[in-house]
Structure formats: structure tokens, C-alpha cells
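The values are calculated or read from the model by the stated rules, or taken from the named source; none is laboratory data. Note that the structure is a prediction, hence the values are computed from the model and not measured. When we count neighbours, we look across all protein chains shown, and the Cβ atoms used for this are built from the backbone with ideal geometry, even at glycine. Surface accessibility is based on the protein's heavy atoms, side chains included, excluding ligands, DNA and RNA. Shrake-Rupley method; radii C 1.70, N 1.55, O 1.52, S 1.80 Å.
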Amino acid sequence: MRCSCQNCGAYMVQDEKGLGSRCVCPECFTTCSACMGTQQKPMEPDQLKNMLMQRERYDAEHELDD
């Protein structure tokens, strides 16, 4: 996606840094992250671990016998 700067109108350049990604204006250095947003917030490590454990349990319960 190419966005224009809300401040001066120049095309913004993406600065990709994982969850800290943003766009930076090469003219006036204004930053914006509106187009990088997501409705879901990043999960905490414990939440990710719990999700993995649930998936492993599900896979074990539904494993097909050969």
C-alpha cells in the first residue's frame, strides 16, 4: 500500500519493524501507522503457549490410526 503524508502530501515509505512497523515521510519525517493496523492485539507469550497446547491436544485426540 502506498499512502501519502497527512502533513505534506508526499508518498510515505514503509519502515518495516515487525509490530512496530510504520510509514515515514521522506520529506517532513512525519510517521503514521494507520495502514499497518490490525484489529487483534499481539498475544502475550503465555497466551501463545496456551494456544499451542490446545492445538497439540486437539491433534492428539483426532489422530487417525493407520
Scan the stretch 39-59 and give yes if some residue there is open to solvent by less than 80 Å² (accessible area, probe 1.4 Å), over 19 Å from the mean Cα position of the chain (by Cα) and modelled with pLDDT under 90, otherwise no. yes
Check on Ala10, modelled with pLDDT of 90 or more, aliphatic (A, V, I, L, M) and more than 14 Å from the chain's Cα centre (by Cα): yes
Those residues of the stretch 1-37 which are open to solvent by 80 Å² or more (accessible area, probe 1.4 Å) and in contact with an Asp or Glu (Cβ under 7 Å, 6 or more places away or on another chain), in sequence order: Arg22
